[in-house]
Amino acid sequence: MKNIFIINNYELSLFNGIGTYINQLINCLESEKNIAVSVVELYSYYEYFHIEVVEGITHFYFPRFEIGVDYERVNIVINTFLSLYIPDSKDNIFFFNYCPASSLMEKLKKTHPLSKQLYIIHNMGWCAPFNGDEKEFEASFNKGNISDKHIAMVYEEELRMCTLADKIVCLCDDTFHVLGTCYPLSAGKVVCINNGLDIPHNNFKKKEFSRKRLGIPNDNIIILYVGKITKLKGAQVLIDAFKNIANSFPKCILVMIGSIINENEILKQIFPFSSQILLTGNLNKEEVSLWYDVADIGVIPSYTEQCSYVGLEMLSHGLPVVSSDGYGIKNMFREGENGLVAHISDRKSPNEFVNNLAKKMEEIIKSYELREYIGNINKKVFEQLYSLNVMKEKYLHLFESL
């Protein structure tokens with residue numbers, strides 16, 4: 001019996017894809033008779049430590065610690081409780097889903113020497129400062145050292161976690177490459193496993209029904225963006241690119257679902273095309289699903305992702321996608337294969353990226369046949385590479401290798 005302990009920073013996972021990943025991982029493994037899954041929720045909203053069993057999954061809830069409590073002391077307390085309730089065993093596998101966590105990993109190594117540890121890389125600290133430019137990140141090294149102190153500190157923490165882990169799971173080929181070139185790790189330690197997604201068949205409704213429910217005329221072309229409205233996600237570039245072509249396509253509506261970081265700035269930016277750019281704010285899953293049903297085109301202009309769940313949703317719904325060639329995104333969508341890809345070019349000046357994105361959107365708007373062709377391919381790509389069964393098989397193989 002394999003005992004899987006998914007270690008999660010509860011607060012952080014509420015605002016990113018880690019929570020989705022954990023739910024999908026549980027869906028992968030809970031039906032396996034020889035696997036017992038538990039979730040260790042650190043920094044939860046409960047006042048005291050407690051254990052709760054929900055639908056056969058054991059949850060260990062740790063409260064938030066008072067501000068100012070020493071980080072090392074926090075990890076000593078967490079590890080003490082884990083030692084009380086989780087006996088060491090060669091069949092234990094601890095999944096670390098956040099960074100920094102090297103301190104807790106080190107303590108678990110001492111109290112649970114037989115247990116294995118996996119580090120799942122959901123993000124890398126250099127990606128945001130370098131706008132996902134891995135070549136610039138690699139070039140920033142000087143004899144193995146990074147000049148920027150903050151990035152160097154994050155890098156050292158990531159490297160410690162990679163060194164402590166028995167295996168490292170990355171979510172895309174770009175990260176696999178960076179780990180091989182910039183992190184001195186032993187051969188065979190890193191495995192690439194894409195995110196997977198379980199899509200119930202009854203989620204797919206008729207487009208006409210969903211459009212009627214949302215009050216959208218059938219002759220409108222809906223371009224869908226899902227994610228935070230931020231610079232790193234390429235949202236502002238997308239708005240400018242759409243404004244470049246909006247007059248030529250008055251029936252096109254750009255729908256942007258997600259929280260807006262600088263609302264006043266974004267509202268000024270969309271003027272005078274406010275009637276063609278719809279900002280919905282955050283929506284629940286059912287509402288987002290409706291927009292996936294009615295969409296004609298998906299767009300992912302991010303500078304950096306790992307393995308985008310939005311991308312998986314668009315693939316599974318058979319949407320033709322216009323994407324950037326950003327870090328991680330270029331592993332999911334390839335020009336001439338399953339999408340139209342806009343070259344970012346200079347990350348410090350968005351002008352060329354804006355023009356490239358506008359051209360690619362214009363190309364797919366003009367051709368219903370191209371949209372149908374790419375959409376059908378994307379359904380197949382999803383089933384072959386990103387379905388939950390594919391993810392499950394890869395993790396079961398990983399467990400066997402441990």
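The values are calculated or read from the model by the stated rules, or taken from the named source; none is laboratory data. For clarity, every value in this text was computed on a predicted model and none was experimentally measured. Here the Cβ positions follow ideal geometry from the backbone for every residue, glycine too, while neighbour counts run over all protein chains shown. Accessible surface areas use protein heavy atoms only, side chains included; no ligands, DNA or RNA. Shrake-Rupley method; radii C 1.70, N 1.55, O 1.52, S 1.80 Å.
With a ≥ b ≥ c the root eigenvalues of the C-alpha gyration tensor of segment 303-389, is it rounded (a/c under 1.5), prolate (a/b larger than b/c) or oblate?
Note, shape of segment 303-389 comes out oblate.
Out of ASP70, ASP240, ASP88, any idea which swings most in a Gaussian network model of the chain, alpha carbons joined below 10 Å?
Its mean-square fluctuation being the largest, the pick is ASP70.
What shape does segment 1-120 take by its C-alpha gyration tensor, where a ≥ b ≥ c are the square roots of the eigenvalues and a/c under 1.5 counts as rounded, a/b above b/c as prolate, and the rest as oblate?
It is oblate, given that a/c is not under 1.5 and a/b is not larger than b/c.
Could you estimate the translational diffusion coefficient of the chain from the Stokes-Einstein equation, with Rh from the Kirkwood formula over C-alpha pairs, at 4 °C and 1.567 mPa s, in whole µm²/s?
Stokes-Einstein gives a translational diffusion coefficient of 57 µm²/s.
Please report Rg (one decimal) and Dmax (integer) in Å for the Cα set of segment 124-264.
Radius of gyration, then largest Cα-Cα span, for segment 124-264: 21.2, 61 Å.
From the helices alone, meaning DSSP H stretches of at least four residues, give me the mean residue ellipticity at 222 nm for the chain, per-run term -39500 (n - 2.57), in deg cm²/dmol to the nearest 500.
-12500 deg cm²/dmol
Gaussian network model of the chain, Cα springs within a sub-10 Å range: biggest mean-square fluctuation belongs to which of VAL37, VAL69, VAL294?
Among VAL37, VAL69, VAL294, the largest mean-square fluctuation in the Gaussian network model of the chain belongs to VAL69.
Can you give the convex hull volume per residue for the Cα atoms of segment 206-255, as a whole number of Å³?
Dividing the Cα hull volume of segment 206-255 by its residues yields 77 Å³.
Roughly how many percent of the accessible protein surface of segment 253-334 is carbon and sulfur, given a 1.4 Å probe and a whole-percent answer?
About 51 percent, which is the carbon plus sulfur part of the accessible surface.
Any idea how many Lys pairs in segment 264-367 come in under 23 angstrom at the alpha carbon, given 8 or more places apart or on separate chains?
6
Please list, short to long, the whole-number percent of alpha-carbon pairs of segment 230-325 in consecutive 10 angstrom bins beginning at zero.
P(r) over segment 230-325, rounded to whole percents: 14, 49, 35, 2.
With every protein chain left in place, what is the accessible area of GLU106 in Å² (1.4 Å probe, nearest 10)?
Rounded to the nearest 10, the figure is 80 Å².
Need one word for segment 67-131: rounded, prolate or oblate. Basis is the Cα gyration tensor (sqrt eigenvalues a ≥ b ≥ c); a/c below 1.5 gives rounded, then a/b vs b/c decides. Kindly include the intermediate steps, with their values, before the conclusion.
Working: a/c = 3.23, a/b = 1.44, b/c = 2.24.
Oblate, because a/c is 1.5 or more while a/b does not exceed b/c.
What are the ³J(HN,Hα) values, in whole Hz, obtained from phi via the Karplus relation 6.51 cos²θ - 1.76 cosθ + 1.60 with θ = phi - 60°, for each residue of segment 24-38 in sequence order, with x given for Gly and Pro?
Those phi angles translate into 5, 5, 4, 4, 4, 9, 5, 8, 6, 5, 9, 10, 10, 10, 10 Hz.
Under 8 Å for C-alpha pairs, at least 6 residues apart: give me the relative contact order for segment 264-386, rounded to a whole percent.
On the way: 153 pairs, mean separation 27.8, N = 123.
The normalised contact order for segment 264-386 reaches 23 percent.
Given the chain, what percent of its DSSP beta bridges are antiparallel, to the nearest 5?
Of the beta bridges lying entirely in the chain, close to 10 percent run antiparallel.
I need the trypsin sites (Lys or Arg not before Pro) found in segment 294-353, filtered to DSSP loop residues with at most 10 other beta carbons within 10 Å of theirs.
LYS348
Calculate the dipole size of the chain relative to its Cα centre from +1 charges on Lys and Arg beta carbons and -1 charges on Asp and Glu beta carbons; express the result in debye to the nearest 20.
With only Lys, Arg, Asp and Glu charged at Cβ, the dipole is about 380 debye.
Run through segment 199-268 and list the trypsin sites (Lys or Arg not before Pro) located in a DSSP loop whose Cβ has at most 13 other Cβ atoms within 10 Å. Walk me through the numbers before you get to the answer.
Numbers: sites: LYS205, LYS206, LYS207, ARG211, LYS212, ARG213, LYS228, LYS231, LYS233, LYS243, LYS251, LYS268; in loops: LYS205, LYS206, LYS228, LYS231, LYS233, LYS251.
Loop-located and lightly packed - LYS206, LYS251.
Expressed as a whole number of Å, what is the distance separating the alpha-carbon centroids of segment 114-145 and segment 1-70?
Comparing the Cα centres of segment 1-70 and segment 114-145, I get a distance of 25 Å.
Scan segment 117-202 for GluC sites (Glu not before Pro) in coil per DSSP, keeping those whose Cβ has at most 15 other Cβ atoms within 10 Å, and list them by number.
Values: sites: GLU134, GLU136, GLU138, GLU156, GLU157, GLU158; in loops: none.
Nothing satisfies the criteria.
If the cut-off is a Cα-Cα distance under 22 Å, which lysines reach LYS107, setting aside same-chain residues fewer than 8 apart in sequence?
Counting by Cα, and skipping residues close in sequence, LYS107 has these lysines nearby: LYS2, LYS90, LYS116, LYS167, LYS189.
Residues with beta-carbon under 12 Å from that of LEU402, excluding LEU402: net charge, scoring Lys, Arg +1 and Asp, Glu -1?
Every neighbour counted, the sum reads +2.
How large, in percent, is the carbon and sulfur part of the accessible surface of segment 85-178 at a probe radius of 1.4 Å?
53 percent
Any idea what the relative contact order of segment 1-145 is, in percent, if you count C-alpha pairs under 8 Å spaced at least 6 apart?
Working: 200 pairs, mean separation 32.3, N = 145.
That works out to 22 percent.
Any idea of the accessible area per residue across segment 363-402, 1.4 Å probe, to the nearest Å²?
Working: 2450 Å² over 40 residues.
Averaged over the residues of segment 363-402, the accessible area is 61 Å².
Would you mind calculating the relative contact order of the chain from Cα pairs under 8 angstrom and at least 6 residues apart, reporting the percent as a whole number? Walk me through the numbers before you get to the answer.
Working: 677 pairs, mean separation 52.6, N = 402.
Contact order relative to length: 13 percent.
Could you let me know the centre-to-centre spacing of segment 280-307 and segment 318-397, using Cα atoms, in angstrom?
14 Å
Go ahead and set up a Gaussian network model of the chain, Cα springs under 10 Å, then flag whichever of LEU25, LEU370, LEU340 fluctuates most.
Of LEU25, LEU370, LEU340, the most mobile in the Gaussian network model is LEU370.
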